[in-house]
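Written below as structure tokens is the structure these notes are about.
The values are calculated or read from the model by the stated rules, or taken from the named source; none is laboratory data. Being a predicted model, the structure only gives us computed values, none of them experimental. Here Cβ is always computed from backbone atoms with ideal geometry, including for glycine, and neighbour counts include all displayed protein chains.
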Amino acid sequence: MESSPLLSIVERLMRQPTAPFHEHAVRAEVLAILTGFPNLRTELDSFGNVIAHYRLGDGPVSCVLVAHMDHPAYVGDTFLGGVPQSYLATGHPVRSFGQYGMWDLPPFELQDGCIYSRACDDLVGCAVMLSMLEVLTKSSANAAVTVLFTRAEEVGLLGAVHAARTGLIPAATPVISLETSSERPPAEMHKGVIVRVGDKTTVFDSELVAGLVTLAQAETIPFQRCLMPGGTCEATAFQLYGYKAVGLCVALGNYHNCTPSGVIGPEYVSLADAEAMLSLCIAAARQGIRGDSHQKALRERLESSLLEKSSQYKHLL
């Protein structure tokens, strides 16, 4: 897949400042990118989340993809987001954007196959969703998919909770949370998109995990299957309200701008990993997620083994 369309959208988003409750610049860029896409309907909910519905054909909605538009930052004199006090005390310069301020770091750089930014988390996920919609619209794909750009994730998953508790998303629709997640073993950067078995708080729907793994294998998309315990993502919020949810992420360096050396620095992700995430999202939108077929095949294999071994070892039963 050509990297330039994804990179172009990534750069456009990362050049916009953002903070919890101050996602306006990113949201405006999201809406500007979506303007003119055919077969697409866009709306704002009462919390300020952006919802975009792509549809061509009569099929059911394959899935809902979710990513958040905010990043840890200063709002007034208060820092909002999960950053240890020792990093806040380093005195790293802050760039003011009026009512809020971000670390004075490059908004976007590409070096040695990695994207560096003051805010990869989660503008990478937002860019992947936009790129997916661009691919679907340009190819006139016969598909139906919804994407949700949320606010204030860094202070308690608030945008996702609002969408879940108000029933904005139909209850039977699978939810896929897109994230960047701190690189922790066994996950490795440059090894592909991560099908997230769970996060710090919960484990995700096993059928959806199996379905994404099966889809990645069928499409020969580089992937890893890992529990990523570095944080709590929006899949957890949707599960709490009865949705079947799963996570996709890419490994993130310098999570929340916290470097291993104890100073503030740019976050970074592998471009190839982000492209693999995009490929898997496109496949899920077009084909749906069929974890039930994997579960059925496993059950049949185990039942066959039960019958065979019961006959072979019946004298021991």
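Evaluation of Pro260 against the conditions (1) touching a helix residue (DSSP H, G or I) at 6+ places or on another chain (Cβ under 6 Å); (2) farther than 23 Å from Arg290 by Cα; (3) surrounded by fewer than 18 Cβ atoms within 10 Å (Cβ to Cβ) shows that the sole unmet condition is (1). Here Thr42, Thr18 are screened, and the one residue that is modelled with pLDDT of 95 or more, on the phi < 0 side of the Ramachandran plot, in a strand (DSSP E or B) and among the hydroxyl-bearing types (Ser, Thr, Tyr) is Thr42.
Check the stretch 286-294 and report whether any residue there is buried (at least 21 other Cβ atoms within 10 Å of the Cβ), over 13 Å from the mean Cα position of the chain (by Cα), in a loop (DSSP other than H, G, I, E, B) and β-branched (Val, Ile, Thr). There is at least one residue in the stretch 286-294 that is buried (at least 21 other Cβ atoms within 10 Å of the Cβ), over 13 Å from the mean Cα position of the chain (by Cα), in a loop (DSSP other than H, G, I, E, B) and β-branched (Val, Ile, Thr). Taken over the stretch 208-221, the criterion of being in a helix (DSSP H, G or I) and either aliphatic (A, V, I, L, M) or surrounded by 18 or more Cβ atoms within 10 Å (Cβ to Cβ) (or both) is satisfied by Leu208, Val209, Ala210, Gly211, Leu212, Val213, Leu215, Ala216, Ala218. Being surrounded by fewer than 23 Cβ atoms within 10 Å (Cβ to Cβ), assigned to a helix (DSSP H, G or I), small (Gly, Ala, Ser) and within 30 Å of the chain's Cα centre (by Cα) is the requirement here; does Ala297 meet it? Judged against the criteria, Ala297 is a match. Condition first: closer than 20 Å to Ala25 by Cα and either at pLDDT below 95 or not in a strand (DSSP E or B) (or both). Now tell me which residues in the stretch 141-162 satisfy that. Result: Arg151, Ala152, Glu153, Glu154, Val155, Leu157, Leu158, Gly159, Ala160. The residue list Ala272, Ala237 contains one member that is over 26 Å from Ala171 (Cα atoms) and among the hydrophobic types (A, V, I, L, M, F, W, C), which is Ala272.
Residue pairs whose Cβ atoms lie under 6 Å apart, sitting 6 or more positions apart in sequence or on different chains, and linking a residue in the stretch 259-272 that is in contact (Cβ under 8 Å) with a residue 40 or more places away in the chain to a partner that is of a type in the set (A, V, I, L, M) and part of a loop (DSSP other than H, G, I, E, B), are Pro266/Leu105; Ser270/Met189. Within the stretch 222-236, work out how many residues are out of contact with any Lys or Arg (no Cβ under 7 Å at 6 or more places or on another chain) and either on the phi > 0 side of the Ramachandran plot or surrounded by fewer than 20 Cβ atoms within 10 Å (Cβ to Cβ) (or both). Number satisfying all stated conditions: 2. Can you pull out every residue in the stretch 244-285 that is aliphatic (A, V, I, L, M) and assigned to a strand (DSSP E or B)? Passing the criteria: Ala245, Val246, Leu248, Val250, Ala251, Leu252, Ile264, Val269. Scanning the stretch 26-48 for residues that are in contact (Cβ under 8 Å) with a residue 60 or more places away in the chain and within 24 Å of Ser96 (Cα to Cα), which turns out surrounded by the fewest Cβ atoms within 10 Å (Cβ to Cβ)? Restricting to residues being in contact (Cβ under 8 Å) with a residue 60 or more places away in the chain and within 24 Å of Ser96 (Cα to Cα), the top hit is Gly48.
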